[in-house]
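Just below is one structure, and these are the notes that go with it.
The values are calculated or read from the model by the stated rules, or taken from the named source; none is laboratory data. As the structure is a prediction and not an experimental result, all values here were calculated from the model. We place every Cβ from the backbone using ideal geometry, glycine too, and count neighbours over all the protein chains shown. Just the protein is used for accessible areas: all its heavy atoms, side chains included, with ligands, DNA and RNA removed. Shrake-Rupley method; radii C 1.70, N 1.55, O 1.52, S 1.80 Å.
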Amino acid sequence: MAKAIAPTVAGIGTVPNGTHSAPERDLALTVVRDALADAAFELSAVDGLYMPAPRPWTPQGFFSTYLLHLLGLDVNRSLEVSTGGTSGGHAFHAAVSDVRDGTVETALVLAVERNSIVDTTGPYFDYILKSFDAEFESPIGMTVPAAYAQSMQRYVHEYAVDREDLAEVVVKNRENGAANPDGLFDESPTREDVLDARPIADPIRLFDCPAPCDGAAAILLTRDDPASSASSRPISVGGTGYHHAPSHFLMSRETPITELPAVGCAVNVATDLADVSVADIDVFEPYAPFPHIEAIVTEELGLAERGGGVDACLEGRTAPDGPVPVSPSGGCLGRGHPPMVTPLLNYVEAVKQLRGTASTQIPDAERVLTTAEHGHVNGVTATVFTTEV
């Protein structure tokens, strides 16, 4: 059997995370234009459009069809996906699959989100409540930080982790994010700043939370000869994987909330397809919205023993100059977090690492692993980017 074609990354485009007055349409057109320019492709080369469905408060409905009209594109495949934080991951994986099997030749994957236009005490909160169990959790006003606060409490108790040490995960990521020109923050808080910040949901404080913001990103995938890539170092999608555990936020079956098995399962599929192991990965860009989640992810990946994820950070193992760099871009905590866009931002950072143009560059990076999640990491996509085309 002939080996499946590994899609090549042809181009990328982003706008800085922050607050944008331009409508979603204009942000989308900006990143599309930039990705095409980066790839040195004509718009007419695109025959597939994939994106996470915009949030309910986005003024423009039927966004993908509207965008196709604006661009004047005829495509063989158009897809909007709505699965929370994994939406961008699923859209990207669908594009990878279609390029692999020849359904499309060049796939445009994009995401756009404006959180600055929604009232967090009204429509946004109503939207969040609907994601929890409607009979028991929504009526008490459950929030996302409240759910993660409970898992943080249990994690600290279960493994005798010093709650104050979790602040170092935040500091690391904020330092990385401050160096990222597309990030939301220009400076990093100290450990004391993190611990003294305003309480959100005990024991989570303000800087432990990812900051919602506006953002947009696009990435072009192609079946073309890698030698034709605009980059002097062609980059391919070596493997993708997905897994969903039988859980929904804090409601799980048999698995404790201090473990996230969907991460390891999804990563195993992706690395197997890429014919590599986690030990072969040079850089990790996970979707980790709270500090203890990054710690747990490192444990699920085998980068630290169970309960040792925080120590991995304290000892510098997950720092940019450590043996297993985690979130050198800043990740959700240090870069800002437009959830529909974050998976694509992780992909863009992976491409930059492999091109050697990242804001915090890891020397000689050849393989990058990214993840995306939704809810309390009950569903995970994993993607391996590699220079081995």
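Worth pointing out:
- Among residues of segment 18-41, those that are outside any loop (DSSP other than H, G, I, E, B) and in contact with a Ser or Thr (Cβ under 7 Å, 6 or more places away or on another chain), counted: 2
- Qualifying residue in segment 315-331 (condition: buried (at least 24 other Cβ atoms within 10 Å of the Cβ) and assigned to a helix (DSSP H, G or I)): yes
- Sub-7 Å Cβ pairs linking a first residue in segment 155-174 that is more than 22 Å from residue 325 (Cα to Cα) to a second residue that is assigned to a helix (DSSP H, G or I) and open to solvent by less than 20 Å² (accessible area, probe 1.4 Å), at least 6 apart or interchain, are 155/292; 155/296, ordered by first then second residue.
- Filter result (of a type in the set (A, V, I, L, M, F, W, C) and outside any helix (DSSP H, G or I)) within segment 46-102: 46, 49, 51, 53, 57, 62, 73, 75, 79, 81
- Looking across segment 56-77, the residues that are open to solvent by less than 50 Å² (accessible area, probe 1.4 Å), under 20 Å from residue 24 (Cα atoms) and touching a residue at least 24 places away in the same chain (Cβ under 8 Å) come down to 57, 58, 63, 67, 71, 73.
- Subset of segment 229-287 [among the basic types (Lys, Arg) and either in contact with a Pro (Cβ under 8 Å, 6 or more places away or on another chain) or buried (at least 21 other Cβ atoms within 10 Å of the Cβ) (or both)]: 253
- Residue match in segment 270-289 (condition: under 18 Å from residue 376 (Cβ atoms) and touching a strand residue (DSSP E or B) at 6+ places or on another chain (Cβ under 7 Å)): yes
- Some residue of segment 87-94 being in contact (Cβ under 8 Å) with a residue 40 or more places away in the chain and open to solvent by 30 Å² or more (accessible area, probe 1.4 Å): yes
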